[in-house]
Each structure stands twice: as C-alpha cells, then as structure tokens.
Amino acid sequence: MSDAAENPADIPPFRYTAELANDIEARWQDHWEENQTFRAPNPTGPLAEPDHPRSGAPKLYVMDMFPYPSGEGLHVGHPLGYIATDSYTRYQRMAGFNVLHPMGFDAFGLPAEQYAVQTGTHPRTTTARNVERYRGQLRRLGLAYDNRRSFATTDVEFYRWTQWIFLQVFNSWYDRDAGRARPVEELIRQFEDGTRATPDGRPWPQLSDVERRQVVDDHRLAYISEAPVNWCPGLGTVLANEEVTPEGRSERGNFPVFKRNLKQWMMRITAYADRLLADLDGLDWPEKVKLMQRNWIGRSVGAHIDFPTRVGPIRVFTTRPDTIFGATYMVLAPESELVDELAPSAWPESTKDKWTGGHATPREAVDAYRKFAAGRTDMERQAETREKTGVFIGAYATNPATGTGIPVFIADYVLAGYGTGAIMAVPGQDERDWEFAEVFDLPIIRTVAPPAGFDGKAYTGEGPAVNSSAPDGGLSLDGLDVATAKARTIAWLEREGLGAGAVTYRLRDWLFSRQRYWGEPFPIVYDETGLPVALPDDMLPVELPEIDDFSPKTFDPDDADTEPETPLSRHTDWVDVELDLGDGPKTYRRETNVMPQWAGSSWYELRYLDPTNDKVMVDPENERYWMGPQVDGDSGGVDLYVGGVEHAVLHLLYARFWHKVLYDLGHLSSFEPFRRLFNQGYIQAYAYADSRGVYVNAEEVVERAGRFFHRDTEVDREYGKMGKSLRNVVTPDEMCAAYGADTFRVYEMSTGPLDVSRPWETRAVVGAYRFLQRVWRLVVDEATGATRVIDSTVDDETQRVLHRVIDGVNTDLTNLRFNTAIAKLIELTNRATAISSAGAGTPRAVVEPLVLMLAPFAPHAAEELWRRLGHAESLAYGPFPQADPAWLVTETVTYPVQLNGKVRARIEVPADATDDAVRAAALDAVAAQLGGHAPRKVIVVPGRMVSVVA
RNA sequence: GCCCCUGUAGACCAACGGCAGAGUCGAUGGACUCAAAAUCCAUUCAGUGUGGGUUCGAAUCCCACCGGGGGCACCA
C-alpha cells in the first residue's frame, strides 16, 4: 500500500482501487438514502405506498438477531449474518418480492449501566453514542435496511409498547380448559356467576376486596412471587443464572452469590409448556435448536402421589409410579417449608446415628444442613464426586401402597424448583436413591426384576414387577411390565384418592425483575393494600426518571442476609405518586424493579411491521400481511430469522411465549414469531500469547516454518473468539478502508457456507478484491476510463457457461449458498475475461447479467457498473437474470466408462443418445479390456456414466 | 457419563450414491518493471480421520473407533 502510494503513476488511473471503491460506495450509500431505495411498503397505515413497485407483491420478511450496541463497536465477525441476509434479500427484491429487512438495537442492559456507574455518564448518552456508531458501521457496509423502521429498545416510543405487552400479560390468565390465555375480566365473571369455584370454596361475594384481588392475582400470567434467586450483595442485585460463574461468583466483580428467596415478578411461561413443545414440530428450525428447546422444556409424564404424615400429606412427583412398593424413604428439598412443620423437637427412638449429622435435635440438623446447602453452588452440587449428603428430619411418612412408615430426609439432590420439591426414594430402581441409601444405610427393595446376570446396583430398565403386592390386596403389580404397572398404579391412586397421573416440566416460570436502572420500568403501582395495580394504557409510557446514581445499593459481599435496594427506590419523588385510577386521587407507590434485557427482544419482530403506529402495537392488517399464516396449518411468522445458536433457548423461548399470549388475546394472526430459523457460524480468529501468557498484537505475528514469532520471540497460537483482550480484533472499518465494503462483503460470503464457523484471514481478503477488479476491468478500461462493452454476438460455449451460471446462482442464492454462488460468478468472470481480451471488448449480453448477479454481494460496484452500462435506474429492483433452458442442455455428453469400478475409458455421444446406443459405445470402448468376453452386467446412468461388470 | 454436529490439497472450502475440484489464499515459475509492490498468466499439491459393511460403483448410506466443536448433566 505505502509503496503504491509512492508511485501512484504505476497504477492505472481507472483501476478499481480501495480509493475508487470508497468513493463509489459513499456515493451509492447517499443515493440509496436520499431515494429511500429500500423502503418496504405496508398494506396500510403511514408506511403504505400503493405506487411502490413492490406494493401488493409476494412478501418476504427477513430478520437478523439485532445487536447489543457495545462500546467496542463491530468487529469483522459480527456482520457475517447481516451481510448474508442483505445479500439474500437484495436477491429476492430483484427477483420480485416485497422484502422487509429491518435492523434495530437491543440497547437496554448492564454494560451501559456499569459504565454509567464508573463514569457518571448517563446510560442514555452512552447508548445513543454506541447506537450511532453501529449505525455508521452498518451503513458503511451498504446494508439495505428500511431505515424508517429502525429503533432501539430504549426508545421511549418502543418501550411504551413493551410496557403495554406487560399489561396484556398481567391482565390475562391461562384457561386450562380452553387451552389459551384470556383476559382476567372473564375470570372474574366466572367467579361472580359461580361457574368457577373460589380456591377455598367460599362464594365470591363473601370474599373481601383484598381476598378477591389476591385470588385474581394468583391466576395472572405476570405475578409476584417469592422465588429463589441469585442474590449478589457485593453488586446489590440479583443475577441471571448465566451471570454467575461455575464457582458461584458474579461474572462481574467476582463477588459471592447466594440463593435467596426474594419477592420477584414472574411470567407464567410454564402454562405454555405444552404448546411451546408441540408447536416446535411445525417450525423450519435446525433440529439441534428444537432439541435444545425440548430438553429445556423437559416434559415428563408420571404421577403425583400423596404420602400421609402426622401433619398432612407430602405430595411427590414420580415418573415411576410402578415402583411405589420400593419407596423406602422420602426426600424433601432443603428449602421446603413442610420441613418446619414436620420436624419434631427431638429425635425419635428409631433414629440411626448417621442420620442426624451429629446434631442434638432435628431442628438443629435441619438448620445446619440448610445453611450448608445454601452455600453450595449448583456446580458443587453436581460435582464429579457427587457424594450424597442430607439429614433425617425426625419425621416419618406412610407409604400408601405398603402402609409402612418410611423416614423423611432433606437432601440437596432434590431440587425445590422441580416437580413438588419432594420425592419418594426408590433405591432399587434409581441410581441416585441407591447411592443415598448406601450412605444412610436405608433399605433397598427391588420391585422390577433385573435380567439374569445383572450385577449393577439400581436397575432402571424393563422387567416384570416383583415384591409389589399389598398385604391387603389393594394393589398388586407382580409380573406386570413397566408400562402396564404404571397404568395400573395410576388407576389405583385415582380410585383411592391418593394421587393422579400428572405431567411436569423442567421449564420454570420466567424471573422477570431486575434491581437495576437501565431497563423498562414496570407499568405497575401498589396501593395501600400492598397489592399491585396495573396502570391504564393511557398512562403509558412510564418513563425512566432522570437520576444520577445508577447503582443499586451494595453490601458487604459476604453478607447473605441483606435485601436488594433498587436504584429507582431511592427516588421517592418518583416512587410515590398521586394518581386517579378510578376511585379518586390516591397516593400510590411505583414498582422500582425494571424488566430484564430479554423484554424488548421478546417482541421486536412485531414492531418493525408498524414502527410509527401510536394507536396499536401493530396494525392487524400489517401483521397479517408480513407474518400471517400462508397456508392451512402454517404458524406464520418471520420468513427467515438469522442469528447465533447462543440464543437457541432463552431468547427464542421468551419470544415464542409472548407471541402466543398476544395471539391468544387476538392481537396477532400468527402463533409463532419465527417460522424459519438459521444459525450462522462464527468468524473466529487466532490469538498469540508469549511464554508469560501475555497476548501480543496478532497483526505483528509472522509464521516461519509452521512456528509463530512476534519480533524475535516465539509465541503460541490459540484459536477462538475475537476480542480486545486477545489483541486480535479486526474491524470492518479497517477492511473498508483497505479494500472497500464490497470486497469485504464478497470475502465474508465466499469463505464458506453460512452455517460454518471459520477463521478470519486478512491476507486472503485480496482474493475478493482481485475478483472485483476483474469484473470492473470487463466494463471499464483501466487506462482511459472508457466503457469496454460491445454489442457483439456471443459464442455458444460462453452462452452455455453464462446460463449454467445464471441457473446455479439462482439456486444457490435461494438456498443461502453464497460461497458457491460467488465461485460461479468468478467462473463466469474468468470466461468473460478470456473472450474479452481475445476480442475487441466485453459482450454486453454477458457482462450485464454478471453485474446484476453480482449486485447482492457487491451492491455498490454493481450499481456503478450498471450505470456505466447505460442504465439510469438503480438495479435494486432487478430484474434478476433467468436462465434460458435452451442453453442448459449440451449437444454431446462425455461418459466415463467404469470397468469393475475403475474408469477405463471415456466416450462422447450425442446428448439425446438412447441408453442402448450409449451401452454399445461403452462396450466398444472397453472391448480390448474385456478380451472378447461378454460382460456380466452393464449399468447405464443416463447423462452420468456407464458401469461395466466383467 | 448421555445426546447432537463435524473431519476432503499447506489453509478456507466444492463435489443429485457416478471422472475427487467450482472458487479463494498460500507456495513455485513466468509477464510487466532499473528493481520492487500492485496487477496479469501459468503450475503445483490430497484419494476424502481410521477400520469394517452395503453397492456394479461410497467423500456421500450403515456400524465401530479416533480427533475437533457444541448441548445436557442429581429434573425424580
């Protein structure tokens, strides 16, 4: 580069250089912006445009997972998916679709807040700056977004609707009979007219106002509950599971994290577990992602069984009701409230020494064990050794099948959040129970006969039931197979009123509040009863108040017995508010938690459809057009959603959940947000560390004989993420400056299939650069700048190459195979270059289709060349070249002839030769090798090859 | 431990069960140049991770193993 700059005269003046590319790109980016080239017309509303060339055309809605605008800006890995969707949508727009391809920003979140805490800069300032930086970087890449539809989740006009959706969720309940969400007014009406019984059976009018509200609140899809959360006193906030390290400390600051029961907002996503599971089947998603969601939802079928105790029954969930005769003890989760009622003040006679943990009373033992369990992280609980721990609580329950008393333990291998937080332990058929039984010397009864020769411990397989008959003959399972025994047991439980068949899920309700500042405020206030009251829609948005201390109150990092104090709660002039919510002006207290970062991304696909609508979230007609079901049974949704697999579960599950709620309430015609999902791979990079483990600037490392050196020291190469701390970041800005955006785009699309991760290699970018230079040279004379295009006829072979490429590029682009499409364009370019340099110029009939096909990948250069070819209009609306079938057939075909699996000859025959003719020609060709013997078998694969078996 | 994905020239990647190569980088040689860079032209290189099987024919389908990546992991 620098040498070139010293001798600019050596470079032909009209060559496609980085300088020229940058000039062209800036001009076309301005042109597209001024002409709003990529605006997509809506059917109705302010963005409707009946005169638009694509108005009323078949629609295509393509979305990227929008970015969090970090302070670092984009590196070359980030835009891979954006360039891919841009290339795809540019192609489909040219091919005739009305394309919606928007981009926004997921701008609430912790980093901006942390930065604010450190510097005092308001998160809004940082966020706005970062969003602008991202917009600039994306614009520089020539991404064809409809900019009228861009927003950040932090925009008040956006989060107003996030709050509106929260209210929709809050004001709904899940009607299990109807299998859908309904407005709570309908629930209240059912209570009022007596068609639905109140929880305690009293008639509705006898309940006090507060009691009625509590009953209704217990049904809402958004509700307040005491939930075990990750409380981090050092940071003063609760943390999401993914913000906690495997060592049980906070990812930021490395403070201890404790499990605490705290009052939090929850979303009743579990009500939708079945539908979230079932509707996966109809989605065009990677199987891997579907499987991850299925595992996450974790449906298990079994039964609830009540085990009587002196203070009432312990209800367990089991998938193996057939093994009930082998239940020799019970285990409750340490946190279980039942424990407090059950544990007596002294150890019973029968208590074994090893059951007590050395404590004098059950209460002491329980307290000590709870403390122990709370201090253990999930990781420790699951550690390799997995030595079972627990303690007897001094109480007994009765096995309802056998009538025997069985001891009750608490142990942390039973999880409070799953099932009922209690199990019947069947060591004979459960490995975990077997281990526990060994540690605590508990009886083990096999109730499924293992096969002969089985020498393991617990047996979890198929087999006939044994030891499974009640003395009084109430239930007898002996000899039955597992499935029959399960059914028989469930029928018996239901008949006896001891339990019932049941389905449970691993999925938990969604913890929806955060003790932070930079998030959406809840549209909720509390009245004098302490119960939540929804603000009416016309009081939205509830704006984040202006404050200057963004940090939650922090505590001694080791003090688990502290309470979160949110940033908003200190601002009493905002928190305490006088409102008239129907019964005159009263003082209310605002909710001071904010929503989690997932909130905005759980519905943003809907707002792109109608971003300026201030009456409704999205006009139903616009939603139906862009996202509605296309055929009977179709879920509807975005036609293509591209993003990383890291969002396989949480984001995609939350978005599906909200979408279904809004569908149930009649706001949407689609019942899934994303019909098709595609996970792009990652661009990764090498990083180099010296012997001290310190990273060196990757740009300065050279390779010599397979080893790597930074100056004179040898360094170790690692492969992984691109990141500031690894000193291996390459930015799109650098690439644009050195080669232009088109080169960068072509390079990223050509290095491999979209779903494959691959290494970044700066030195290989020049390949894409040379390709564009060659295309440029086909049209523009490098020395004079004159157009080199001629209107001559094209030879047949070139015609065949051209139409084969057109055909292949259409197929490849339709199937997101950008790398092979570009390879074909290079092939065509090479052919065109050959005939161009042999003749007086480049035939227009070849170069025009080439330029059009190049446009999805290198749109600026393509537009520029298109103009130089004499077209006044942008090529953004095509038409895209279509192959002429006449040129796709060849006159002759060359068949390889295999003899016993090896290619021994080639024959050339007319393309329309009959199989018999081909066979004859093939046998003729290998006659010498056959030596006069008749072949045993001859296989002719039309158009492909001939296989002869001697 | 269980499940999923994936192994093709020095690197990245192509190849409806049918001649292993479309394309890119690198390397080597040549053209241009006083020389270099840039550019252009040409050449090189693997028998498809390993071992079996199915088939006329396997990179492709099946089985086992090895390497790489990812998910789940006391979920009763």
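The values are calculated or read from the model by the stated rules, or taken from the named source; none is laboratory data. No experiment lies behind these values; they were computed from the predicted model shown. We place every Cβ from the backbone using ideal geometry, glycine too, and count neighbours over all the protein chains shown. The area values use the complete protein model at the heavy-atom level, side chains included, leaving out ligands, DNA and RNA. Shrake-Rupley method; radii C 1.70, N 1.55, O 1.52, S 1.80 Å.
Results, tabulated for the structure shown:
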quantity: Helix-derived mean residue ellipticity, 222 nm - over chain A, DSSP H n ≥ 4, -39500 (n - 2.57), to 500; calculated: -9500 deg cm²/dmol
quantity: Stokes-Einstein D for chain A, Kirkwood Rh over Cα pairs, 37 °C, 0.692 mPa s (µm²/s); calculated: 99 µm²/s
quantity: Shape of the stretch A:489-553, Cα gyration tensor, a/c cut at 1.5; calculated: prolate
quantity: For A:Thr154, net neighbour charge (Lys/Arg +1, Asp/Glu -1) across residues whose Cβ lies under 12 Å away; calculated: -4
quantity: Förster radius 30 Å - calculated FRET efficiency between A:Thr44 and A:Leu581 (Cβ-Cβ, nearest 0.05); calculated: 0.35
quantity: Placed amide H near A:Gln264: partners under 5 Å, 5+ positions off or other chain; calculated: A:Ser225, A:Glu226, A:Ala227
quantity: Angle between chain A longest axis and helix A:123-140 axis [Cα atoms, degrees, rounded to 10]; calculated: 30 degrees
quantity: Per-peptide average of other Cβ atoms within 10 Å, ordering A:337-350, A:854-867 highest first; calculated: A:854-867, A:337-350
quantity: Pair A:Thr125, A:Glu72: separation of 7 Å Cα→Cβ label points (nm); calculated: 2.4 nm
quantity: Order by protection proxy (mean Cβ within 10 Å, highest first), peptides A:563-574, A:310-321, A:418-429, A:400-411; calculated: A:418-429, A:400-411, A:310-321, A:563-574
quantity: Volume per residue that the Cα convex hull of the stretch A:279-335 spans, once the total is divided by residue count, Å³; calculated: 145 Å³
quantity: Relative contact order computed over chain A (Cα-Cα under 8 Å; 6+ residues apart), in percent; calculated: 15 percent
quantity: Tilt relative to chain A, helix A:650-664 - C-alpha long axis, 0 to 90 degrees, to 10; calculated: 80 degrees
quantity: Cα→Cβ-extended label distance, 7 Å offset, between A:Ala911 and A:Asn815, nm; calculated: 2.1 nm
quantity: A:Arg299 long-range amide H proximity, modeled H, under 5 Å; calculated: A:Arg506
quantity: ³J(HN,Hα), Karplus 6.51/-1.76/1.60, whole Hz, each residue of the stretch A:736-741, x for Gly, Pro; calculated: 5, 5, 7, 9, x, 5
quantity: With every protein chain in place, chain A: carbon and sulfur % of accessible area (1.4 Å); calculated: 50 percent
quantity: Relative contact order computed over the stretch A:299-505 (Cα-Cα under 8 Å; 6+ residues apart), in percent; calculated: 29 percent
quantity: Rg(Cα) / (2.2 N^0.38 Å) computed for the stretch A:858-950, rounded to two decimals; calculated: 1.86
quantity: Residues with amide H under 5 Å from that of A:Ile790, placed H, sequence gap 5 or more; calculated: A:Thr842, A:Arg844
quantity: The stretch A:186-256-the stretch A:296-342 distance, computed between alpha-carbon centres (Å); calculated: 23 Å
quantity: Protection-proxy order for peptides A:893-899, A:776-782, A:601-607, each taking the mean of Cβ atoms within 10 Å per residue, highest first; calculated: A:601-607, A:776-782, A:893-899
quantity: Set of aspartates and glutamates with alpha-carbon distance to A:Lys902 below 20 Å, sequence-local pairs under 8 removed; calculated: A:Asp924
quantity: Above-threshold pairs, the threshold being 27 Å between Cα atoms, out of A:Lys288/A:Lys724; A:Lys354/A:Lys457; A:Lys259/A:Lys724; A:Lys721/A:Lys824; A:Lys263/A:Lys352; calculated: A:Lys288/A:Lys724; A:Lys259/A:Lys724; A:Lys721/A:Lys824; A:Lys263/A:Lys352
quantity: Global form of the stretch A:299-505, assessed from the alpha-carbon gyration tensor, a/c cut-off 1.5; calculated: prolate
quantity: Qualifying lysines (Cα of each under 29 Å from Cα of A:Lys615; at least 8 residues distant if same chain); calculated: A:Lys59, A:Lys586, A:Lys660
quantity: Cut-off 18 Å, label 7 Å out along Cα→Cβ of A:His359, residues of the stretch A:324-342 by amide N; calculated: A:330-342
quantity: Degrees between helix A:915-925 axis and first principal axis of chain A (Cα, 0 to 90, nearest 10); calculated: 70 degrees
quantity: Probe 1.4 Å - accessible area at A:Asp478, Å² to nearest ten; calculated: 70 Å²
quantity: Environment charge at A:Arg676 (Cβ cut-off 9 Å; Lys +1, Arg +1, Asp -1, Glu -1); calculated: -1
quantity: For the stretch A:596-647: rounded, prolate or oblate by the Cα gyration tensor [a/c cutoff 1.5]; calculated: oblate
